[in-house]
Amino acid sequence: MDLFFVLSGFLITTLLLREREDKGSLSFKGFYWRRMLRIFPLYYAVLLVYVVMLGFAKSGSDMSREFFNALPWYLTYTANWGPKENTFAHAWSLSVEEQFYLLWPPLLGLLKLHQARAALMGFLVLVVALDLGIWGPGTRDLAHKLTPFAAVAWGAWLAVLLSTREGFGRL
């Protein structure tokens, strides 16, 4: 899964950087509209199939109860922060991506390349520090929640690094 997140961060950031270079700015409306059209219809159609199947075929079962308790998390792309339910558990990865891309494009639009690299590296260092428990043992749980975001950030960092001739020459 980490490789998928790294590739996703790299590809999306590369597309955003190319758009910024070609047009001089980023179209957030266009970016989010394309994401919605690519992801939302299929995601919500599959979720609806699960609702129908578990609402009728497995009505009253533990599986159905757990799924419907977690449904608000699925509907809002926040499954990675919600209860661990196995029926639609794969939704957590889409949640990570959608949350990252809710914040990353506007941030990238505000920052220069060197600032974007520094922001990403700062986030990655923060995740490692949390995982090491520098601010106390309770921070490790947060670090584990942020680890998938760190994988996407590694891909974004690599894309930012390779977006310049100097950066590409370093590798």
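The values are calculated or read from the model by the stated rules, or taken from the named source; none is laboratory data. All values derive from a computational prediction rather than experimental measurement. Heads up, the Cβs are rebuilt from the backbone with ideal geometry, glycines too, and the neighbour counts pull from every protein chain shown. Keep in mind that these areas ignore ligands, DNA and RNA; they rest on the heavy atoms of the full protein, side chains included. Shrake-Rupley method; radii C 1.70, N 1.55, O 1.52, S 1.80 Å.
Worth a mention:
- Segment 62-79, subset of a type in the set (S, T, N, Q) and in a helix (DSSP H, G or I), residue nearest to the chain's Cα centre (by Cα): Asn69
- Of the criteria (1) over 19 Å from Leu16 (Cβ atoms); (2) open to solvent by less than 10 Å² (accessible area, probe 1.4 Å), which one Pro148 fails: (2)
- Just one residue in the set Leu47, Leu11 is part of a helix (DSSP H, G or I), out of contact with any Phe, Trp or Tyr (no Cβ under 7 Å at 6 or more places or on another chain) and at pLDDT 90 or above; that residue is Leu11.
- Candidate set from segment 80-134 (those that are in a loop (DSSP other than H, G, I, E, B) and among the basic types (Lys, Arg)); member that is nearest to Val152 (Cα to Cα): Lys112
- Note on segment 90-115: residues that are open to solvent by less than 40 Å² (accessible area, probe 1.4 Å), within 13 Å of Tyr43 (Cβ to Cβ) and without any contact (Cβ under 8 Å) to a residue 60 or more places away in the chain total 2.
- Put simply, of Thr87, Thr78 the only residue that is open to solvent by less than 70 Å² (accessible area, probe 1.4 Å) and either within 19 Å of Ala151 (Cα to Cα) or at pLDDT 95 or above (or both) is Thr78.
- One residue stands out among those in segment 47-70 that are free of Cβ contacts under 8 Å to residues at least 24 places away in the same chain, open to solvent by 30 Å² or more (accessible area, probe 1.4 Å) and of a type in the set (A, V, I, L, M, F, W, C): the one that is nearest to Phe31 (Cα to Cα), which is Leu48.
- Taking the numbered list (1) in a helix (DSSP H, G or I); (2) more than 14 Å from the chain's Cα centre (by Cα); (3) charged (D, E, K, R) in turn, Lys145 passes all entries but (2).
- Unmet criterion (only one of (1) modelled with pLDDT of 90 or more; (2) open to solvent by less than 60 Å² (accessible area, probe 1.4 Å); (3) not hydroxyl-bearing (Ser, Thr, Tyr)) for Gly138: (1)
- Filtered residue count, segment 9-31, keeping only those that are open to solvent by less than 30 Å² (accessible area, probe 1.4 Å) and closer than 10 Å to Pro105 by Cα: 6
- Filter pass, Phe4 being in contact with a helix residue (DSSP H, G or I) (Cβ under 6 Å, 6 or more places away or on another chain), surrounded by 13 or more Cβ atoms within 10 Å (Cβ to Cβ) and not polar (S, T, N, Q): no
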